[in-house]
């Protein structure tokens, strides 16, 4: 099993649970952006967008750099990679379980009288 901090996974999945935060991360795939650029597409106040950004920062998904009064944010995908590795372990587990079930069902079919 992949060893990941449960707190890190909780924060990552919590941050990714919100569609606004997922769209912000999508915006950041194109490179660093300032807060006002990130806020522009949303029908919410700048403080509301800032709250979403703080959640993303708390999860380690976003890094902030200040240039005077301008705050630039960039994506940091490492926590998502760890979450993906955790999910991958469970995908393999379920695939193996389904393969065993499939094999068992085939054995049962072969034992049925014809």
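If we scan the range 55-62, do we find a residue that is free of Cβ contacts under 8 Å to residues at least 24 places away in the same chain, touching a strand residue (DSSP E or B) at 6+ places or on another chain (Cβ under 9 Å) and part of a helix (DSSP H, G or I)? It would help to see each step written out before you state the result.
First pass over the range 55-62, keeping only residues free of Cβ contacts under 8 Å to residues at least 24 places away in the same chain: 57.
Pick out the ones that are also touching a strand residue (DSSP E or B) at 6+ places or on another chain (Cβ under 9 Å) and you get 57.
This time we only want the ones that are part of a helix (DSSP H, G or I), so: 57.
Yes, the range 55-62 contains a residue that is free of Cβ contacts under 8 Å to residues at least 24 places away in the same chain, touching a strand residue (DSSP E or B) at 6+ places or on another chain (Cβ under 9 Å) and part of a helix (DSSP H, G or I).
State all residues of the range 22-54 that are touching a residue at least 40 places away in the same chain (Cβ under 8 Å) and within 22 Å of residue 83 (Cβ to Cβ); if no residue qualifies, say none.
As a first pass, look at the range 22-54 and keep what is touching a residue at least 40 places away in the same chain (Cβ under 8 Å): 25, 28-29, 31-33.
Within the range 22-54, 25, 28, 29 qualify.
Only one residue in 43, 66, 74 is in contact with a strand residue (DSSP E or B) (Cβ under 6 Å, 6 or more places away or on another chain), at pLDDT 90 or above and outside any helix (DSSP H, G or I). Which one? Can you show your working first?
On the way: 43 fails: in contact with a strand residue (DSSP E or B) (Cβ under 6 Å, 6 or more places away or on another chain); 66 fails: in contact with a strand residue (DSSP E or B) (Cβ under 6 Å, 6 or more places away or on another chain).
Being in contact with a strand residue (DSSP E or B) (Cβ under 6 Å, 6 or more places away or on another chain), at pLDDT 90 or above and outside any helix (DSSP H, G or I) holds for just one of 43, 66, 74, which is 74.
Filter the range 40-74 for residues that are over 17 Å from residue 14 (Cβ atoms), in contact with a helix residue (DSSP H, G or I) (Cβ under 6 Å, 6 or more places away or on another chain) and surrounded by 16 or more Cβ atoms within 10 Å (Cβ to Cβ) and give the result.
49, 71, listed by residue number.
If you scan the range 3-33, which residues turn out to be outside any helix (DSSP H, G or I), surrounded by fewer than 13 Cβ atoms within 10 Å (Cβ to Cβ) and on the phi < 0 side of the Ramachandran plot? Quick ask: steps written out before the conclusion?
Filtering the range 3-33 for residues outside any helix (DSSP H, G or I) gives 3-5, 17-18, 29-33.
This time we only want the ones that are surrounded by fewer than 13 Cβ atoms within 10 Å (Cβ to Cβ), so: 3, 5, 17, 29-31.
Passing the criteria: 3, 5, 17, 29, 30.
The values are calculated or read from the model by the stated rules, or taken from the named source; none is laboratory data. Note that the structure is predicted; figures quoted are calculated from it, not measured. Don't worry about glycine lacking a Cβ; one is built from the backbone with ideal geometry, like all the others, and counts go over all protein chains shown.
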